[in-house]
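To start, the structure itself, in structure tokens.
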Amino acid sequence: MSAAQKQKHDDGGGGGELLAVEDLSVSFRTRDAGRESAAAAVRGASFVMHAGETLALVGESGSGKSATALSLLQLLPYPQAFHPGGSIRYRGFEMIGAGDAELRRIRGNDISMIFQEPMSALNPLHRIEKQIGETLALHQGMPPAAARARACELLEQVGVNAGAHIDSYPHQLSGGQRQRVMIAMALANKPEILLADEPTTALDVTVQARILDLLKELQRGENLSLLLITHDLSMVRRAAERVLVMQNGRIVERGARAQIFTAPAHAHTKELLAAEPQPRASKPERPRSARALLEVKDLKVWFPVRRGLLKRTVGHVKAVNRASFSLHAGENLGVVGESGSGKTTLALAALRLLPSEGGIAFGGAPLENLPRRDMKNLRREMQIVFQDPFGSLSPRMSVGEIVSEGLNAHRIIADPAARDRRVVEILREVEIDPAARFRYPHEFSGGQRQRIAIARALILEPKVLFLDEPTSALDRSVQIQVLRLLARIQERRGLAYVFISHDLSVVRSIADELMVMRGGDVVEQGAAAEIFAAPKHSYTRELLQAAFGE
């Protein structure tokens, strides 16, 4: 029995089969010391997709999930990537080796894809209307007026205010809003198969639920087939009918959702299911320092809305409206809320990376009027890990250069050999092979890039670290590794964290204090354990219901 025949048997037959993958292998050409070699990313993967089903592909970062998905549309960087063997057939048509014209006809029309990192997938030079309208014009010949109307309809479907954002550029949207635009683009031409690579990674829990409901509704109405590539097992549990588990490029387990979650057979599957963040344990009472490390009082960030020929200010977008908090050494503040609620703006303003009103003090010293030179020196004490690691890591710099960038900026460790040793140490801390410091960001998975971004921030040994969705791109087992790493560093150095996330299970595992934001306002604030146990505000209860079903 061939691999494809065995797969059909395992999947209960081939009725309504749309896509058949047989013995797929993917390798990448590498060059080391002038010698070319090949690194295997996918090894003999076989599966089929049927009309109207949801198939989930899960595994740790670097397991081969995204390489498998990109192969289906032949989107890998060929000829650097190549297929040593295998077949991919869509309705009997062989995708491997197909011509550009045939692939263009299928891409975005019959098979569409939601990419993991929307900031790198969206064109920064074009407005949202043009980017959605382009696919409508290309595949449907839709005129501009009709394309704009359809683009607005799609944005509203995925929870984006079309009136406010149809003419925006990608950088003017929050991370979650950009992801929703990507979903709207992928759904524009009503494809038969939707490849969703971490489709809800950047979304808050309430929008995750709405997006999953939308995708299931589209499946019922359009008989859409959905391939979910994700590390979020809660999403798999809610949405998938069949599950494929990958490890080191191989599919190590497959089966119906109930079988995988209730009676997993493979050890790696059991590890993934066991990897769930646990609520933060109570810390021993320790005397609190009299002076807060970081204190923010009545912080306001209002962006003017200008209209007319003279661009007069006609109103304001209240991104952050009178937020206050204090943070002591060794403490963690969790900041939660829907995308666009002001979480990231709060962090950037506290770091004085955005203009703001209100008081900001570090170690008791006010920062509002601090000279630029002094503020640059202080930035060593306060670092940030950004939400989108691919957008924040220079594609022209090696990992070693990226991680040591802060040492150069602050003129720390002049000796090149000593600096390299420090880079090696910090890469080991975040569980990246130090030998990889000569490689470039595009050669890593999304989770590995996020760990590189964390290493770049930690190498300066800051006292306060702002973490903006630091684990959103990571699978659960790696999330726990990173959380444990952050806990060890905090215990050793007394570091304080401001942890921004839409993942409430992660926030619950790390936060001492919690701030809940909505529309720029702080709607609830206090001890994290108390809020998780007995939320007072209706919006907080809504978030917890969406995250935990509580």
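The values are calculated or read from the model by the stated rules, or taken from the named source; none is laboratory data. All values reported here derive from a predicted model rather than from experimental measurement. Cβ: placed from backbone, ideal geometry, glycine included. Neighbour counts: every protein chain shown. The protein model used for the area step is the full one, side chains on, heavy atoms only, and it has no ligands, DNA or RNA in it. Shrake-Rupley method; radii C 1.70, N 1.55, O 1.52, S 1.80 Å.
Given +1 on the Cβ of Lys and Arg, -1 on the Cβ of Asp and Glu, and no further charges, what dipole in debye does region 73-178 carry about its Cα centre, rounded to the nearest 20?
Using only the charged Cβ atoms, the result is roughly 80 debye.
Once the dipole of the chain is set up with Lys and Arg at +1 and Asp and Glu at -1 on Cβ about the Cα centre, which of A347, V205, C152 lies farthest towards its positive end?
The Cα lying farthest towards the positive end belongs to A347.
Among 260-270, 438-448, 337-347, how do they line up from the highest to the lowest mean number of other beta-carbon atoms within 10 Å?
Details: 260-270: 15.5, 438-448: 18.5, 337-347: 24.6.
Ranking, from highest mean packing down: 337-347, 438-448, 260-270.
So what is the relative contact order of the chain, in percent, for Cα pairs below 8 Å that sit 6 or more residues apart? Mind showing how you got there, number by number?
Values: 1067 pairs, mean separation 83.4, N = 550.
The normalised contact order for the chain reaches 15 percent.
Take every DSSP beta bridge with both residues inside the chain and express the antiparallel ones as a percent of the total, to the nearest 5. Write down the numbers at each step before the final one.
On the way: 51 of 89 bridges.
For the chain, the DSSP antiparallel bridge percentage is about 55.
What is the gain in length, in nm to one decimal, between E461 and K311 on full extension, counting 0.36 nm per residue of separation less the C-alpha to C-alpha distance?
Here the segment from E461 to K311 would lengthen by 49.6 nm.
What is the distance in Å between the Cα centroid of region 122-169 and that of region 170-185?
11 Å
With only Lys, Arg, Asp and Glu charged, each at its Cβ (+1 for the first two, -1 for the last two), find how big the charge dipole of the chain is about the Cα centre; round to the nearest 20 debye.
So the dipole magnitude of the chain works out to roughly 1300 debye.
Hey, can you find the accessible area per residue of the chain for me, probe 1.4 Å, expressed in square angstrom?
With all protein chains present, the chain gives 45 Å² per residue.
Please report the carbon-and-sulfur percent of the accessible area for the chain; probe 1.4 Å, protein heavy atoms only, DNA, RNA and ligands left out.
Of all accessible area on the chain, carbon and sulfur atoms account for 49 percent.
Give, as a single signed number, the net charge of other residues whose beta carbon lies under 14 Å from the beta carbon of H126, with Lys and Arg counted +1 and Asp and Glu -1. If you can, show how the numbers build up before the last one.
Details: positive: R127, K130, R148, R178; negative: E129, E134, D167.
The answer is +1.
Do the alpha carbons of any pairs in K130/K343; K311/K376; K463/K536; K343/K536 sit beyond 22 Å of each other, and which pairs?
K130/K343; K311/K376; K463/K536
Would you mind computing, in nm to one decimal, how far apart the modelled labels at S394 and D213 are, each placed 7 Å from Cα along Cα→Cβ?
A separation of 4.6 nm, rounded to one decimal place.
Answer with one residue from M49, P118, A101: the one whose Cα lies farthest towards the positive end of the charge dipole of region 49-183, charges on Cβ with Lys, Arg +1 and Asp, Glu -1.
Of the options given, the answer is A101.
Charges at C-beta only: +1 for Lys and Arg, -1 for Asp and Glu. How large is the resulting dipole of region 254-351 about its Cα centre, in Debye rounded to 20? The partial results should precede the final answer.
Values: 17 positive and 7 negative charges, 116 e Å.
Computed charge dipole of region 254-351: roughly 560 debye.
Roughly speaking, what is the centre-to-centre gap between region 435-490 and region 248-264 when only Cα atoms are used, to the nearest Å?
Centre-to-centre (Cα) distance: 28 Å.
Calculate, in nm to one decimal, what D521 and A39 gain on full extension: separation in residues at 0.36 nm each, minus their alpha carbon distance.
Values: separation 482, 0.36 × 482 = 173.52 nm, distance 4.94 nm.
Computed gain between D521 and A39 is 168.6 nm.
Among V305, L333, I360, which residue has its Cα furthest toward the positive end of the charge dipole of region 240-387, with +1 on Lys/Arg Cβ and -1 on Asp/Glu Cβ?
My answer, from the dipole projection, is V305.
Any idea how far the Cα center of region 499-531 sits from the one of region 340-358, in Å?
17 Å
Taking 0.36 nm per intervening residue step and subtracting the Cα-Cα distance, what contour gain separates Q80 from D420 on full extension? Don't skip to the answer; put the middle values down first.
Numbers: separation 340, 0.36 × 340 = 122.40 nm, distance 2.88 nm.
Stretched out fully, the Q80 to D420 stretch lengthens by 119.5 nm.
If the viscosity is 0.692 mPa s and the temperature 37 °C, what translational diffusion coefficient in µm²/s does Stokes-Einstein give for the chain when Rh comes from Kirkwood over Cα pairs?
After rounding, the answer is 132 µm²/s.
In nanometres, what is the gap between the two model label sites at R105 and L353, each 7 Å from Cα along Cα-to-Cβ?
About 4.7 nm, to one decimal.
For a Förster distance of 30 Å, can you work out the FRET efficiency between the beta-carbons of A365 and A529, rounded to the nearest 0.05? Mind showing how you got there, number by number?
Values: r = 31 Å, r/R0 = 1.05.
E between A365 and A529, to the nearest 0.05, is 0.45.
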